[in-house]
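Step one of this worksheet: look at the structure below.
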Amino acid sequence: MEVGSGRLREVAKGSSDFAFGDDGALYVLGLPGPKGGDRALFVLEAFDAAPREIGRATSFAVSGHDVVLLSTDRQPGEAFGTLLRVPRSGATAEHLGERVTDYRFSGRGDVVFLARFDGRARAGALMTAQRGKPPREIAQRVQSFTVQGDRILYVAQAPQKGDFKIELWSAPLDGSSPPRKVDEGVYGYQLTPDRKALLWKARCAGGARSCSLLRAAADGSTPALLLATNVAGFDLATDGSRVLVQQPHHGAARAVDLAIVATDAPPRDGAVEPVAIEVDPSSRFVDARGRRIVYAAMSTARAGVYLLDVP
């Protein structure tokens, strides 16, 4: 639908996915064949334009006039494939990697992806590729990654005798400094909105529901500061000033108790006082300053969804 005029048109008889580009161009992925694998990817560059095929893929991502295609024609039905970058103009495709499982564009248009995926280890090589330059390897044995601004945060396996441990690492996208280990045994992390500080959950006792919540400068220039102990999960306010801490409710396998911690003035020993008890882990801040939370109470006596204003 063209919003201004209300005009409607049919774009495709069948489609498995679609996405809009930054300039409003519409990308439409066709239907798969009986054995799965790749299907045609079309672009409509204007409302009245005819669909134009620009490649074949199982999945895709768009940034500007660049399109990244994941092809699984060589391994139909597999979770990995060949990654290609194709200009929308239809120029020659650029090969980026093999056995790729996860990929995305950074804010500046670089492609970040996991290649050479090892199904037994459930990990691969973390790569980044600027337009017109060969891909650059950042790390090996990486399980997952997040691109936030000009920084990559990733979880990697560190081999041990007969086993491995999980570590959280941070690296600048441009490779201006080497990757830096943040901590080990990490079960969740988040950058502050200004990307200057990093919060993460680690040093857990008996699983991911009882960990320490820590904070440090994203570039590693300050030591880790303990925000809270016995943490199951957390939600950072949009302005970065407060954290909604979730702690396991005593005797419950899922329910949590909620507390509020100021990121610049945490309690000295990490102990916090709850503002709500026995609630669902889906609780979240609903305002930018962390002054209102929403939660679902799980106890029979108080079952329901609540809004709570916190000082």
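Selection within region 111-135: residues that are open to solvent by 10 Å² or more (accessible area, probe 1.4 Å) and under 18 Å from GLY149 (Cα atoms). The member of this set that is farthest from the chain's Cα centre (by Cα) is ARG131. From the set of residues in region 170-203 that are aliphatic (A, V, I, L, M) and touching a residue at least 60 places away in the same chain (Cβ under 8 Å), which is nearest to ALA217 (Cα to Cα)? Applying the filter and picking the extreme gives ALA197. Every test in (1) open to solvent by 60 Å² or more (accessible area, probe 1.4 Å); (2) of a type in the set (Ser, Thr, Tyr); (3) more than 20 Å from LEU198 (Cα to Cα); (4) modelled with pLDDT under 95 is passed by THR222 save one, and that test is (3).
Contact map, region 147-167: first residue under 13 Å from GLY185 (Cβ atoms), second residue of a type in the set (D, E, K, R) and outside any strand (DSSP E or B), Cβ cut-off under 9 Å, separation 6 or more or different chains; pairs are GLN157/ARG122.
On the given criteria, is PHE20 within 25 Å of the chain's Cα centre (by Cα), under 28 Å from HIS95 (Cα atoms) and open to solvent by 40 Å² or more (accessible area, probe 1.4 Å)? When the stated conditions are applied, PHE20 passes them. The residue that is most open to solvent (accessible area, probe 1.4 Å), among those in region 152-190 that are basic (Lys, Arg) and either part of a loop (DSSP other than H, G, I, E, B) or modelled with pLDDT under 90 (or both), is LYS161.
Reported count of residues in region 218-275, each being more than 18 Å from VAL182 (Cβ to Cβ), within 24 Å of the chain's Cα centre (by Cα) and among the small types (Gly, Ala, Ser), is 4.
Let's see how each residue does on (1) at pLDDT 90 or above; (2) open to solvent by 40 Å² or more (accessible area, probe 1.4 Å); (3) in a loop (DSSP other than H, G, I, E, B):
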position: VAL243; (1), (2), (3): yes, no, no
position: GLN246; (1), (2), (3): yes, no, no
position: ALA252; (1), (2), (3): no, no, yes
position: ASP257; (1), (2), (3): yes, no, no
position: VAL261; (1), (2), (3): yes, no, no
position: ARG268; (1), (2), (3): no, yes, yes
position: ILE293; (1), (2), (3): yes, no, no
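Looking at SER5, is it free of Cβ contacts under 8 Å to residues at least 24 places away in the same chain, within 26 Å of the chain's Cα centre (by Cα) and more than 29 Å from PRO135 (Cα to Cα)? For SER5, the condition - free of Cβ contacts under 8 Å to residues at least 24 places away in the same chain, within 26 Å of the chain's Cα centre (by Cα) and more than 29 Å from PRO135 (Cα to Cα) - is not met. Of the residues that make up region 38-60, is at least one closer than 30 Å to GLY149 by Cβ, among the small types (Gly, Ala, Ser), out of contact with any strand residue (DSSP E or B) (no Cβ under 6 Å at 6 or more places or on another chain) and touching a residue at least 12 places away in the same chain (Cβ under 8 Å)? Looking through region 38-60, none of the residues is closer than 30 Å to GLY149 by Cβ, among the small types (Gly, Ala, Ser), out of contact with any strand residue (DSSP E or B) (no Cβ under 6 Å at 6 or more places or on another chain) and touching a residue at least 12 places away in the same chain (Cβ under 8 Å). Here region 150-188 is the region considered, the condition is being out of contact with any Pro (no Cβ under 9 Å at 6 or more places or on another chain) and basic (Lys, Arg), and the residue that is farthest from GLY107 (Cα to Cα) is LYS161.
The values are calculated or read from the model by the stated rules, or taken from the named source; none is laboratory data. What you see is a predicted model; the values in this text were computed from it and never measured. All Cβ positions, even for glycine, are placed from backbone atoms using ideal geometry, and neighbour counts span all protein chains on display. Keep in mind that these areas ignore ligands, DNA and RNA; they rest on the heavy atoms of the full protein, side chains included. Shrake-Rupley method; radii C 1.70, N 1.55, O 1.52, S 1.80 Å.
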